[in-house]
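What follows is one structure encoded as structure tokens, with my remarks underneath.
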Amino acid sequence: MSLPLLPRPTAILWDWDNTLVDAWAGVQAGMNAALRGFGLPEWTIEEVRARARLSLKDAFPAIFGEDWERARTLFYAEVRARHLDVLTLMPGTLEALDAARAFPLAVVSNKQGAILRAEAAHLGWTERFGALVGAGDAAADKPAADPVLMALRQLGVEPGPDVWFVGDTGVDMQAARAAGCSAVLLGDASHDGGAASVAKDAAFADGHALAACLHGLAKTPPPA
């Protein structure tokens, strides 16, 4: 755990995939359906983890060219067919979310908004979050600040260093910084060049470590 003078949070925003949930099997199925449709080599799960950071509208044109919207249709058809069946939790997720109950919570993801909200509903988590912002909900997706600021508006919280954005990639850290929030890395970012390569303000090995920190904060009264 790394916690260098991180301020007590007024709100905590979370990335979704590989932060709270493991949905890579569904993403890989969708990606490979799109690649097959274009006669391109399929990706291993390791390749999906390393490459799937941006929203589809930002990532697919470089892969599929001018016909990228057809690839998007193939991707989402496959994802919708199976994503709820393969959704699992990351280590320590429930512990971390329970420890964070004292703070306003939101999700900011580059997963399509409708799919994000369907997954949250499937897990019975909709009421845990004051906002569930996905790709396409704001004017721009992560790493832009737009979806972070949208989530904070829905929470009624001002952006600032006392808002923690918890995510697993450099894109999450960039979005946090773009919005003026604290960038909190969960995991070792091994799929994104390693923890040293992302501009984080703090890092936790997993949800268990983050939960321990949040439990400690709950026992410490906020500054007067």
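The values are calculated or read from the model by the stated rules, or taken from the named source; none is laboratory data. What you see is a predicted model; the values in this text were computed from it and never measured. For neighbour counting, all protein chains shown are included, and Cβ atoms are generated from backbone atoms with ideal geometry for every residue, glycine included. Side chains included, ligands, DNA and RNA excluded: accessible areas come from the protein's heavy atoms. Shrake-Rupley method; radii C 1.70, N 1.55, O 1.52, S 1.80 Å.
Please give the charge dipole size of the range 65-224, origin at the Cα centre, charges +1 on K and R Cβ atoms and -1 on D and E Cβ atoms. Round to the nearest 20 debye.
Here the size comes out at about 280 debye.
Which ³J(HN,Hα) values in Hz, rounded to whole numbers, follow from the phi angles of the range 94-110 under the Karplus curve 6.51 cos²θ - 1.76 cosθ + 1.60, where θ = phi - 60° and Gly and Pro get x?
5, 4, 5, 5, 5, 5, 8, 4, 6, 10, x, 10, 8, 10, 10, 10, 8
Positive end of the charge dipole of the range 72-122 (Lys, Arg +1 and Asp, Glu -1 on Cβ, about the Cα centre): tell me which of ALA114, LEU74, PRO91 has its Cα farthest that way.
LEU74
For the range 68-188, with every protein chain kept in place, what is the accessible area per residue (1.4 Å probe, Å²)?
Roughly 40 Å² per residue, with all protein chains present.
Over the range 1-87, calculate the relative contact order: mean separation of alpha carbon pairs under 8 Å at least 6 apart, over the residue count, as a percent.
In percent, rounded to a whole number, it is 38.
Amide H neighbours of GLY187 under 5 Å, at least 5 residues apart or on other chains, H built in the peptide plane: list them.
PHE204, ALA205, ASP206
Could you tell me which of rounded, prolate or oblate describes the range 69-216, using a ≥ b ≥ c as the square roots of the eigenvalues of the alpha-carbon gyration tensor, with rounded for a/c under 1.5 and, failing that, prolate when a/b is larger than b/c and oblate otherwise?
Rounded is the answer for the range 69-216, as its axis ratio a/c remains below 1.5.
Nearest 10 degrees is fine. How inclined is helix 24-37 to the longest principal axis of the chain, computing both from alpha carbons?
30
Which of these, LYS200, LYS57, LYS142, has the largest mean-square fluctuation under a Gaussian network model of the chain (Cα springs below 10 Å)?
For the chain, modelled as a Gaussian network with Cα springs under 10 Å, the answer is LYS57.
With a 1.4 Å probe and all protein chains left in place, how much of the accessible area of the chain comes from carbon and sulfur atoms, in whole percent?
Carbon and sulfur together cover 55 percent of it.
Return the long-range amide H neighbours of LYS111 (sequence gap of 5 or more, or a different chain), with a cut-off of under 5 Å between placed amide H atoms.
HN-HN under 5 Å from LYS111: ALA135.
Can you bin the range 89-175 into rounded, prolate or oblate? Criterion: square roots of the alpha carbon gyration tensor eigenvalues sorted a ≥ b ≥ c, rounded for a/c under 1.5, prolate for a/b above b/c, oblate for the rest.
It comes out rounded by the Cα gyration axes.
Put +1 on the Cβ of every Lys and Arg and -1 on every Asp and Glu Cβ in the chain; which of LEU13, GLY193, GLN174 then has its Cα farthest towards the positive end of the dipole?
About the Cα centre, the residue reaching furthest to the positive side is LEU13.
Comparing GLY167, GLY156, GLY130, which has the greatest mean-square fluctuation in the GNM of the chain with Cα pairs linked when under 10 Å apart?
For the chain, modelled as a Gaussian network with Cα springs under 10 Å, the answer is GLY156.
Under 5 Å between amide hydrogens, which residues at least 5 positions from MET90 or on another chain qualify, with H placed 1.01 Å from N in the peptide plane?
Hits under the 5 Å cutoff: VAL21, ASP22.
Roughly how tilted is helix 68-82, in degrees to the nearest 10 and between 0 and 90, from the longest Cα axis of the chain?
Between helix and principal axis, roughly 70 degrees.
For n ≥ 4 DSSP H runs only, could you compute -39500 (n - 2.57) per run for the chain, divide by its residues and tell me the 222 nm figure to the nearest 500?
The per-residue figure over the chain is -12500 deg cm²/dmol.
Put +1 on the Cβ of each Lys and Arg and -1 on the Cβ of each Asp and Glu in the range 18-156; which of LEU152, PRO41, ALA59 then has its Cα farthest toward the positive end of the dipole?
LEU152
Can you tell me which of ALA179, ALA121, ALA106 moves the most in a GNM of the chain? Springs connect C-alpha atoms under 10 Å apart.
Maximum among the listed residues: ALA121.
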